[in-house]
Amino acid sequence: MSAENNQGFNTRAVHAGQVPDDATGAVVPAIYQSSTYAQDGIGGLRNGYEYGRGTNPTRDSLQVQLAAVEGGKHAFSFASGLAAEDALIRALLAPGDHIVLGNDAYGGTYRLINRVLGAWGIGHTVVDMSDASRVAAAVNEHKARFLWVETPSNPMMKVTDIAALAELAHAAGALLVVDNTFASPYLQNPLAFGADVVVHSTTKYIGGHSDVIGGAVVLNDDALAEKIGFVQFAVGAVSAPLDAFLTTRGLKTLGVRMDRHSANAQAVAEWLQGRSEVEAVFYPGLPEHPGHELAKKQMRGFGGMVSVSFKGGEAAARKVAESTTVFTLAESLGGIESLVNYPSEMTHASVKGTELAVPENLIRLSVGIEDIEDLIADLEQAFAQL
């Protein structure tokens, strides 16, 4: 194990892959905005660099950084989270293979598996990941190659036992894929609990500033990594140099941001619990949350995402979502600014009418790093509109 791997999270986030420039000593590596590289004679590549789709120093630095913070050996940076998921599935599965997927997942992931890769011959089954017997039955019945889980899940904030699912998957000859976007590498490292592959939308907490789109795949297995690397090169949905730079810059402050996101989300969740208009609050930091104790074991904090359902039904949820001013009504999550989302018609519109459909009386809050007093005041005035 390298000395770097023995360092703390924030030290790795700041320094992994970030070697000062040899020529100038610049402590921030350059953005290599180049599509191709000069060769010293035919086939005489300088440090292996040939063409930007295959390799780029800025992207390479980010990939070293991503591997370091997730505790993985290999990392691949893609143009989006869905591009990362698509490359992973096509690299490791083939037509006729099967995926067992949690019944609370990002709508885009379900759309990719169901409508895009389904037409290619990839099958899927949706199950409640908290029911181990049902998961095992589905994996075994379909001889599933992937067991795919989000924890915490989007948007119902379900917490799943990674170690238990890893054991179950491996016993059946399957791989466990964990979408770690909501937790981020700072709060949770699925590979340490036995997961085979971790995926991220780096657009969210890793980038952290709502100014870049990206995705990542992180894993330890050399043979699987070679297959993913081939698809990354051959298909080419790679992160561009500037996007890689922005993601690296965001990742360096992930730890300090997640501390603030988590503290603010905890306060917002506790405030929501006291409101008569609220039917339920979904946040693993609340002792009443069914996954609270498990989250304490496999996470270092509870994150910045809070979902809430209203007694007043769809009308109440829509009214609050459209009445905030500090919380911006928008897609996405994980940025420094607070966002409010109505999943049923926004991020999860693609799963309406399926087992993954989101309750119509629910909104999802991505709690930012603003002053908590201002966030609570904004929610107060929005609730006053009911």
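The values are calculated or read from the model by the stated rules, or taken from the named source; none is laboratory data. Since this is a predicted model, take the numbers as computed values, not measurements. Reconstructed Cβ throughout: ideal geometry from the backbone, glycine too, with neighbour counts over all protein chains shown. To get the accessible areas, we keep the full protein, side chains included, count just its heavy atoms, and leave off ligands, DNA and RNA. Shrake-Rupley method; radii C 1.70, N 1.55, O 1.52, S 1.80 Å.
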Wholly inside region 162-269, strands (runs of 3 or more DSSP E) that include 1 or more residues that are of a type in the set (Val, Ile, Thr) and on the phi > 0 side of the Ramachandran plot are none
Handout entry: Test: Arg90 is in contact (Cβ under 8 Å) with a residue 60 or more places away in the chain, farther than 30 Å from Asn140 by Cα and either open to solvent by less than 20 Å² (accessible area, probe 1.4 Å) or in a helix (DSSP H, G or I) (or both)
Key = no
Filtering region 93-131 down to residues that are assigned to a strand (DSSP E or B) and small (Gly, Ala, Ser) yields Gly102, Gly123
Residues of region 13-65 being touching a residue at least 12 places away in the same chain (Cβ under 8 Å) and basic (Lys, Arg), in sequence order, are Arg53, Arg59
Cβ pairs under 6 Å, 6+ apart or interchain, first in region 361-379 and without any contact (Cβ under 8 Å) to a residue 12 or more places away in the chain, second surrounded by fewer than 18 Cβ atoms within 10 Å (Cβ to Cβ), ordered by first then second residue, are none
Asp40 passes all but one of the listed conditions (1) at pLDDT below 95; (2) open to solvent by 50 Å² or more (accessible area, probe 1.4 Å); (3) more than 25 Å from Gly208 (Cα to Cα); the exception is number (1)
Being farther than 23 Å from Val178 by Cβ and either open to solvent by less than 30 Å² (accessible area, probe 1.4 Å) or of a type in the set (A, V, I, L, M, F, W, C) (or both) narrows Leu224, Leu254, Leu242 down to just Leu242
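What residue, of Val320, Val358, Val340, is closer than 28 Å to Val100 by Cβ and β-branched (Val, Ile, Thr)?
That would be Val358, the only listed residue that is closer than 28 Å to Val100 by Cβ and β-branched (Val, Ile, Thr).
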Taking region 10-26 and keeping only residues that are among the hydroxyl-bearing types (Ser, Thr, Tyr) and at pLDDT below 95, one is left with Thr24
